[in-house]
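The values are calculated or read from the model by the stated rules, or taken from the named source; none is laboratory data. These numbers come from a predicted model, not from an experiment. We place every Cβ from the backbone using ideal geometry, glycine too, and count neighbours over all the protein chains shown. The protein model used for the area step is the full one, side chains on, heavy atoms only, and it has no ligands, DNA or RNA in it. Shrake-Rupley method; radii C 1.70, N 1.55, O 1.52, S 1.80 Å.
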Amino acid sequence: MKDLQFKVLIEQDENGVYVASVPELPGCYTQGKTLEEVRDRIKEAVELVLEEEPELKKEKLSSPKSSSHFFGIEEITIRSYA
């Protein structure tokens, strides 16, 4: 049994709901009312994606560490001329 690592992006929307996604796994995202809930749910989502996509799981098993590297967060401003 190997431990697989993934980077998870967690944001809080305007309603206070936490949204988590795994950039390394397209379509892998979930939401929750608390950080604990969203953390539990994203683990479940990752497991489901790996079950549904055996090739992704096989690829990940050959390199169990996260393949994405956190760079940073930037906020940009776009000027609207409306």
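Give region 5-41 a look and list any residue that's of a type in the set (D, E, K, R) and farther than 18 Å from Leu61 by Cα, or say none. Spell out the reasoning first.
Within region 5-41, the subset of a type in the set (D, E, K, R) is 7, 11, 13-14, 24, 33, 36-37, 39-41.
Result: Glu11, Asp13, Glu14, Lys33, Glu36, Glu37, Arg39, Asp40, Arg41.
Do you know which residues across region 19-34 are under 22 Å from His69 (Cα atoms) and in contact (Cβ under 8 Å) with a residue 12 or more places away in the chain? Please lay out each step first, then the result.
Step one: filter region 19-34 for residues under 22 Å from His69 (Cα atoms), giving 19-30.
Matches in region 19-34: Val19, Ala20, Ser21, Val22, Pro23, Glu24, Leu25, Gly27, Cys28, Tyr29, Thr30.
Determine the pairs where a residue that is within 15 Å of Met1 (Cβ to Cβ), located within region 37-64, has a partner that is aromatic (Phe, Trp, Tyr) with Cβ atoms under 9 Å apart, the partner being 6 or more residues away or on another chain.
Final answer for the pair search is Lys60/Phe6.
Within region 23-36, restricting attention to residues that are open to solvent by 60 Å² or more (accessible area, probe 1.4 Å) and among the hydroxyl-bearing types (Ser, Thr, Tyr), which residue is farthest from Val8 (Cα to Cα)?
Thr34
Quick one: in region 37-82, which of the residues that are over 28 Å from Val17 (Cβ atoms), charged (D, E, K, R) and in a loop (DSSP other than H, G, I, E, B) is least open to solvent (accessible area, probe 1.4 Å)?
Among those residues, the one meeting the criterion is Lys65.
Which of the residues belonging to region 10-22 are within 12 Å of the chain's Cα centre (by Cα) and open to solvent by 70 Å² or more (accessible area, probe 1.4 Å)?
Result: Glu11, single match.
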